[in-house]
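One structure below.
Readers should treat all values here as calculations from the given coordinates under stated rules, not as data from a laboratory. In this text the structure is predicted, and so the values were computed from the model without any measurement. Positions of Cβ are backbone-derived with ideal geometry, glycine not excepted, and every protein chain shown enters the neighbour counts.
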């Protein structure tokens, strides 16, 4: 039995396919930046070109899942589709043009799926807290084993933070300081004691890939790696001193579309680590899309 999951995120759209026949075996993964949430804060409407690009990628992923003989294809959407006034129009187009329903999940379900993916794959010891940083929201989920004890979703992500705070290329010191002050106030409300911090999302996996020399990107080589607070501070300082195009030129690990939004992503992890009092963070390549597949596997096995 093969199941595919498509995570239609606020910044990226990603596909995972797993074989659940005898054990849990991830057989294919792919991701593309579609920036669905671009411009959303200006009027709470999804932009037509972002809708068309995202829909095109969804169709490609469905075709790939069918090519890989997936018995089921599950589509989930997150913050951009929770907020957009024209989300229903987009969902209707997905159904009409693909035949599949796209379910917009709650922040709590989003956080639980990401937590499940980390718990299943990395098995952190003791109490751990995941920081699932996305394009339109960031989830903080704490617990132990497979038991979630705390979930808090903040409506801040790399797209809306970039649009709100980063007006210059490269950003000015004033812009960076304003972003830091905003995040310190927002993140102070979600800090919980924990033994281990785990970071998810394209920002932190990209930085880990740079540090560990993983190019082209291979998720299995990044999954479970660690970054120190000094690493995060170094790359925040280095990349914020460059224009977006130079970030890509010097570090091809950074996707061109991600180069514009990576600074707020790094700032989220920098300030979170400081507030949580942690000098190290574990990096997870697995997130919502794997969590969907793991949930299906556990149901099949009767967990």
For the range 1-75, what percent of Cα pairs sit more than 17 Å apart?
46
FRET efficiency for residue 27 and residue 86, Cβ-Cβ distance as r, R0 = 25 Å, nearest 0.05?
0.10
Restricting to Cα atoms and excluding each atom paired with itself, what does the Kirkwood estimate give for the range 247-289 in Å?
12.3
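Can you tell me the length gained on complete extension of the stretch residue 195 to residue 243, counting 0.36 nm per residue apart and subtracting the Cα distance?
On the way: separation 48, 0.36 × 48 = 17.28 nm, distance 3.65 nm.
Using 0.36 nm per residue and subtracting the Cα-Cα distance, I get 13.6 nm.
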Cα centroid separation - the range 193-261 against the range 85-129, whole Å
23
Can you divide the C-alpha Rg of the range 165-303 by 2.2 N^0.38 Å and report the result to two decimal places?
1.13
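Can you bin the range 75-189 into rounded, prolate or oblate? Criterion: square roots of the alpha carbon gyration tensor eigenvalues sorted a ≥ b ≥ c, rounded for a/c under 1.5, prolate for a/b above b/c, oblate for the rest. Don't skip to the answer; put the middle values down first.
On the way: a/c = 2.50, a/b = 1.07, b/c = 2.34.
Here the range 75-189 falls in the oblate category.
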Multiply the residue separation of residue 49 and residue 185 by 0.36 nm, subtract the distance between their alpha-carbon atoms, and state the gained length in nm to one decimal.
45.5 nm
Could you quote the convex hull projected area for the chain, Cα atoms only and averaged over all directions, in nm²?
14.5
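What does the convex hull of the Cα atoms of the range 150-220 come to per residue, in Å³, rounded to a whole number?
Looking at the range 150-220, the number lands at 149 Å³ per residue.
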